[in-house]
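Participant: This is the structure I have questions about; it appears just below.
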Amino acid sequence: MKKSSASRQKSTSKQPVAIIGAGIAGLATAVRLAVAGHAVTVFEASSTFGGKMHQFSMPGGYRFDAGPSLFTLPQLVDDIFRLALREPSEYFRYERLDPITNYFFADGTRLTAWADSQKFAAEVEEKLGTPAADVTQFLARGGKAYDATAGTFLHKSLHKAKTYLSTETLKALAALPALGLLGTMHQRHEKAFSDPRLVQLFDRYATYNGSDPYQAPATLSMIPHLEHGIGAFYPEGGIYAIAESLAKLAAEFGVKFRYNEPVEEIVTAEGRVTCVRTAQDVYDYGRVVSNMDVVPTYRRLLPREPAPERTLSQPRSSSALIFYWGISHEFPELDLHNIFFSADYQIEFQAIFQDRTVADDVTVYVNITAKKTPADAPAGHENWFVMVNVPHDQGQDWEALTAKTRGVVLRKLSQALGTDLEPLIAAERVWTPPGIAADTSSFGGALYGSSSNNALAAFLRHPNFSGRLEGLYFCGGSVHPGGGIPLCLLSAKIVSSLINEE
């Protein structure tokens with residue numbers, strides 16, 4: 001049996017740790033553990049780091065961030081550099097966005113979401129007729145809800161008894177009814193606003209974790225606070241810069257990366273982890289952190305161990321159908337983030353979560369990083385990341401659905417912008433749910449693991465540790481506290497704390 005360089009360092013006070021997957025949560029976990037003195041090795045199936053947060057280029061000079069496109073809570077990245085006693089700005093820089101998003105409604109109304117809540121509320125009053133005070137009060141209540149609950153429900157393990165013995169947790173649970181966070185997101189928004197366009201605007205925040213606002217709990221109504229209360233940001237060089245900066249820091253602290261070496265099995269004996277096996281060899285590790293989706297972790301890597309079937313069978317989040325287009329034109333009316341709404345949101349979400357298909361009219365998100373990083377496209381051109389929320393892969397005819405949806409998207413955007421878009425597409429690539437599943441080991445291509453279409457969803461997600469196998473831990477979007485960049489970073493914080501506390 002071969003032992004990696006990490007496993008040969010057992011004379012140190014910290015045991016070596018293997019991390020499966022170099023996605024954003026895997027990178028953050030690696031850094032946190034390495035800073036604490038652990039010898040860390042990251043096994044990655046692909047040729048580079050980043051997972052969904054990778055980048056690529058297309059002929060003609062177009063660069064794209066492949067996956068995540070929205071960045072909030074940048075302090076969670078800064079915290080990792082400060083933990084390492086490094087100045088964050090020497091590795092990673094970002095700017096606060098203003099405006100945050102341009103909204104295009106089906107009736108032709110256009111609205112700009114300014115970063116400042118007062119300015120945004122004034123915009124809503126002018127364009128939609130809803131009193132500005134209604135908007136600011138709604139956002140303020142979301143801020144109070146976030147402040148009351150985030151420390152407990154996002155920053156700590158919900159699967160450790162000590163979490164529930166703290167005064168902070170009891171206060172957070174007691175605060176929920178008074179904060180008006182009972183019922184569903186949609187019910188909460190309909191109660192707050194009479195204009196269906198504004199309800200739709202706030203309902204869309206359910207998509208931040210791949211859920212359905214008509215089922216998701218009203219607690220998710222605090223998500224807008226992340227943008228309007230704390231801020232939305234853009235990293236210098238694009239989202240990929242987050243992964244790049246953490247990979248650089250990890251290397252400085254001695255983290256070893258074994259690329260193109262997927263783990264084939266987590267070997268166990270007598271109720272604990274002992275090794276990881278790859279096609280190249282077997283490596284001794286008593287602690288293993290899986291950044292792989294929890295479903296393939298059990299199905300592929302732990303075939304001899306009983307799986308938590310109830311947890312793995314929870315309904316999955318939505319996936320995405322993404323068109324990457326090199327556009328031979330510039331659109332000054334567009335910015336970094338742009339949303340083109342469907343006429344009937346309820347039908348759209350029913351198609352995703354009940355009918356498991358794509359609606360005939362869809363909401364389209366267009367992200368254009370060339371607006372902030374001009375080098376991402378040739379002069380006079382733009383790089384369009386065009387995304388539609390779709391169901392995760394369950395054997396649908398994705399070739400037919402992709403062709404149909406492409407036509408819907410082109411007609412919708414062409415009409416809204418008054419320009420025939422198809423002749424302007426100079427380069428194109430498509431990422432479908434089966435492609436996302438194959439490229440990132442995300443079960444069914446679900447972007448956020450299980451959905452949050454349940455009031456108890458936060459408690460039903462897989463823990464950050466195994467209750468059955470000693471030495472096995474989990475990070476990333478498929479486990480607590482959830483998907484998206486901030487929550488993946490928090491999962492890394494929770495996992496590293498659990499390991500360091502042992």
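The values are calculated or read from the model by the stated rules, or taken from the named source; none is laboratory data. Small disclaimer: the values here were computed from a predicted structure and weren't measured. Note that each Cβ is placed from the backbone with ideal geometry, even for glycine, and that neighbours are counted across all protein chains shown.
The rows are residues; the columns are (1) at negative phi; (2) in a loop (DSSP other than H, G, I, E, B); (3) under 18 Å from the mean Cα position of the chain (by Cα); (4) crowded, with 17+ Cβ neighbours inside 10 Å.
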| residue | (1), (2), (3), (4) |
| --- | --- |
| D360 | yes, yes, no, no |
| A379 | yes, yes, no, no |
| N383 | yes, no, no, yes |
| G395 | no, yes, no, no |
| L410 | yes, no, no, yes |
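Participant: Just one of (1) surrounded by 13 or more Cβ atoms within 10 Å (Cβ to Cβ); (2) under 20 Å from G231 (Cβ atoms) trips up R96, so point out which.
Facilitator: (1)
Participant: What tally of residues in the range 105-145 results from selecting those that are touching a strand residue (DSSP E or B) at 6+ places or on another chain (Cβ under 7 Å) and either over 21 Å from I223 (Cβ atoms) or small (G, A, S) (or both)?
Facilitator: 4
Participant: Check every one of the strands (runs of 3 or more DSSP E) wholly within the range 11-99 and list those with 2 or more residues that are aliphatic (A, V, I, L, M) and modelled with pLDDT of 95 or more.
Facilitator: 17-20, 40-43
Participant: Among the strands (runs of 3 or more DSSP E) confined wholly to the range 229-277, which include 2 or more residues that are over 28 Å from L73 (Cβ atoms) and at pLDDT 95 or above?
Facilitator: On the way: elements: 232-235, 256-258, 263-269.
Passing ranges, in order: 256-258, 263-269.
Participant: Let me ask something else about it. Would you pick out the residues in the range 278-293 that are closer than 15 Å to S441 by Cα and part of a loop (DSSP other than H, G, I, E, B)?
Facilitator: Within the range 278-293, N291, M292, D293 meet the criteria.
Participant: Of all residues in the range 311-358, count the ones that are under 23 Å from the mean Cα position of the chain (by Cα) and charged (D, E, K, R).
Facilitator: Total satisfying the criteria: 4.
Participant: Within the range 464-475, can one find any residue that is basic (K, R), in contact with a Gly (Cβ under 8 Å, 6 or more places away or on another chain), in a loop (DSSP other than H, G, I, E, B) and buried (at least 19 other Cβ atoms within 10 Å of the Cβ)?
Facilitator: no
Participant: Separate question: Exactly one of these conditions fails for F43: (1) without any contact (Cβ under 8 Å) to a residue 24 or more places away in the chain; (2) over 22 Å from L413 (Cβ atoms). Give me its number.
Facilitator: Every condition holds for F43 apart from (1).
Participant: Suppose the filter is in the same structural domain as A18 (by TED's automatic domain parsing) and not in a loop (DSSP other than H, G, I, E, B); does P486 pass it?
Facilitator: yes
Participant: Moving on. Here is a list of conditions, (1) outside any helix (DSSP H, G or I); (2) surrounded by fewer than 22 Cβ atoms within 10 Å (Cβ to Cβ), and A416 meets all of them except one; can you say which number that is?
Facilitator: With respect to (1) outside any helix (DSSP H, G or I); (2) surrounded by fewer than 22 Cβ atoms within 10 Å (Cβ to Cβ), A416 is out only on (1).
Participant: I would also like to ask the following. For P296, state whether it is of a type outside the set (G, A, S) and assigned to a loop (DSSP other than H, G, I, E, B).
Facilitator: Numbers: of a type outside the set (G, A, S): yes; assigned to a loop (DSSP other than H, G, I, E, B): no.
The answer is no for P296.
Participant: When residues of the range 313-349 are filtered for being part of a loop (DSSP other than H, G, I, E, B) and among the hydrophobic types (A, V, I, L, M, F, W, C), how many remain?
Facilitator: 5
Participant: Does R411 satisfy being closer than 29 Å to F341 by Cβ and out of contact with any strand residue (DSSP E or B) (no Cβ under 9 Å at 6 or more places or on another chain)?
Facilitator: yes
Participant: Among the residues of the range 205-215, is any among the acidic types (D, E) and surrounded by fewer than 24 Cβ atoms within 10 Å (Cβ to Cβ)?
Facilitator: No - not one qualifying residue is present in the range 205-215.
Participant: Which residue, of A359, A403, is closer than 22 Å to M58 by Cα and without any contact (Cβ under 8 Å) to a residue 60 or more places away in the chain?
Facilitator: Going through A359, A403 in turn, the sole match is A403.
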